[in-house]
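Notes follow once the structure below has been shown.
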Amino acid sequence: MNVVREDVDALNAILKVTVTPEDYAGKVKATLDKYRKTAKIPGFRPGHVPFGLVQKQYGKGVLSEELNKLVNESLQGFIAENKINILGNPIPQGEGNFEGDFDNPAEFEFTYDIGLAPEIKVALSGKNKFDYVKVKVDKKLIDKQIEDLRRRYGKLTSADEVGERDMIMAQFVELNDDDSIKEGGIMHTSTISMEFVTDKKVAKQLMGLKVGDKTIVDPTTVSKGGADTAAMLGITEADLGTISNKFQLSINEIKAMELAELNTELYDKLFGPDAVKDEKELRARVKADLDGMFVNDSDKMLTRSVYESLLEKTKAELPDAFLKRWIKLSNEKEVTDEQIEAEYDSYAKSLKWQLIQGHIFKTNEIKLENEEVIAFTKGLLVNNYAQYGMPAPEDAELTKSAMQVLQNQEEANRVYDMLAEQKLTVYFKETVKLSEKEVSYDQFNEMVSKM
């Protein structure tokens, strides 16, 4: 068996695999012998069917199967031995990609096209300057966070009139266009949170109302719309299109949130015994926690900036025609040339980034070791438990759970991608020159939303 490479250009090559009878004859005969022992052909006892008859009936199929195995093994072996960096997989050159005669088998030659990965150079050093965007954790943001913490541990008390953050318990009654009560209409008791009434005109209409007061509202203006509106009125979302947009709102009760006091009891609930002793320490702790909370998004923005810069500046021509053929042949579902053309730019961009990332990992000896993949997965699981307020299990059980996660290929790919991005971010932060840029919380959220 012999494999020969013929270069077409810098990005395309041909592999020709020559298979001789010495390569396949023994394997074909061994397989046919097995068929002979089990073949059920009328007129012959099992195991006594003439070899020639078995060969006539099954010979071409067995030969084709054995040739396919041999050719694939030869291709993969040749590529690995010669360290050829290919894109996708070898694909047959046309429909009749072989020379040979199955009726009179002798020497066969198979021809395959391969796409070659381009040689790339990633220019990244301390000469490259990038903004590292951080949230300006100022007094206003700290005050808001402390108020949210106090609200979380506060308690509801009855209020005399509606305030801007109060909760209203009210009865909704459906009205006709002339503001009369609709016969057989909706009548339902529910709650409104003033914090989520975004319509300023409606919020002003509700402010200052007292228990027993009535007013007319469009239910969509005192809810989040859709399913939330339907739940508030006690109907299904499908029925929203059939109801009036006028409802009488009668206030039954008003509840105000009484914020928790800033004292040792609250500090211990928030951070554990003796971790914070007074308001000064509370403000320092809240600032530190906020700084830490935004680091992940700051890192993602940096990585995104470097990613876009490298994609723009790194030269990497691709064997486009080959890749389009490979996409079409390897896709499980049938795709048209038009679909491939429409999506190819996005695919090529993703492939180019994979090549850049691979080059960075290789040249800087960045690796994803099995032990750290498991440790990283365990960390993700611990965070999941924490989100639900649950303690993490013992290490042995946590390790077992991590291994189960990694046995799922889709989940494993997600974990590897996350860890790879984390390592890339560390590399970027250590390599490029960072210029810290502080922005407001609102500006930061707007920038994150555009990533």
Q: Calculate the spin-label point distance for ILE340 paired with ASP320, positioning each point 7 Å from the Cα along the beta-carbon direction, and give it in nanometres.
A: 1.3
Q.
Can you find, among VAL135, ASN104, GLY115, the residue sitting farthest towards the positive end of the charge dipole of segment 58-155, where Lys and Arg contribute +1 and Asp and Glu -1 at Cβ?
A. VAL135
(Q) What distance in nm lies between label points placed 7 Å from Cα along the C-beta direction at ALA80 and ARG304? (A) 4.1
Q: Report the percentage of all Cα-Cα pairs in segment 277-449 whose separation exceeds 24 Å, rounded to a whole percent.
A: 59
Q. If exposed chymotrypsin sites (Phe, Trp or Tyr not before Pro) are those in a DSSP loop with at most 15 other Cβ within 10 Å, what is the longest stretch of the chain that has none?
A. 154-387
Q: Go through LYS140/LYS287; LYS269/LYS378; LYS214/LYS246 and tell me which ones have a Cα-Cα distance over 18 Å in this structure.
A: LYS269/LYS378
Q: Would you work out the charge dipole size for the chain about its Cα centre, treating the Cβ of every Lys and Arg as +1 and the Cβ of every Asp and Glu as -1, and quote it to the nearest 20 debye?
A: 860
Q) About the Cα centre of segment 100-178, what is the dipole size in debye to 20, counting +1 per Lys and Arg Cβ and -1 per Asp and Glu Cβ, all else neutral? A) 1420
Q.
Relative contact order of the chain, please, whole-number percent, based on alpha carbon pairs below 8 angstrom and at least 6 residues apart.
A. 19
Q: For segment 73-140, give the magnitude of the charge dipole about the Cα centre (Cβ charges: +1 Lys/Arg, -1 Asp/Glu; no others), in debye to the nearest 20.
A: 1780
Q: Rank GLN354, THR336, TRP326 by how far each Cα sits towards the positive end of the charge dipole of segment 319-364 (+1 on Lys, Arg Cβ; -1 on Asp, Glu Cβ) and give me just the farthest.
A: GLN354
Q | Non-local Lys pairs in segment 1-113, i.e. 8 or more apart or on different chains, that have alpha carbons under 15 Å apart | A | 8
**Q.** Extended-chain gain in nm, criterion 0.36 nm per residue less alpha-carbon gap, SER125 and ASN331
**A.** 70.3 nm
Q | With at most 16 other Cβ atoms within 10 Å, longest stretch of the chain clear of loop GluC sites (Glu not before Pro) (DSSP) | A | 1-94
Q. Mind checking Rg over Rh on the chain, alpha carbons, Kirkwood formula for Rh?
A. 1.15
Q | At R0 = 56 Å, FRET efficiency that the Cβ-Cβ distance of GLU161 and VAL373 yields, to 0.05 | A | 0.45
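Values quoted throughout were computed directly from the atomic coordinates according to the rules given, and no laboratory measurement underlies them. Fair warning: this is a prediction, and the values are worked out from it, not measured in the lab. A quick note on method: Cβ atoms are made from the backbone with ideal geometry, for glycine too, and the neighbour counts reach across all protein chains shown.
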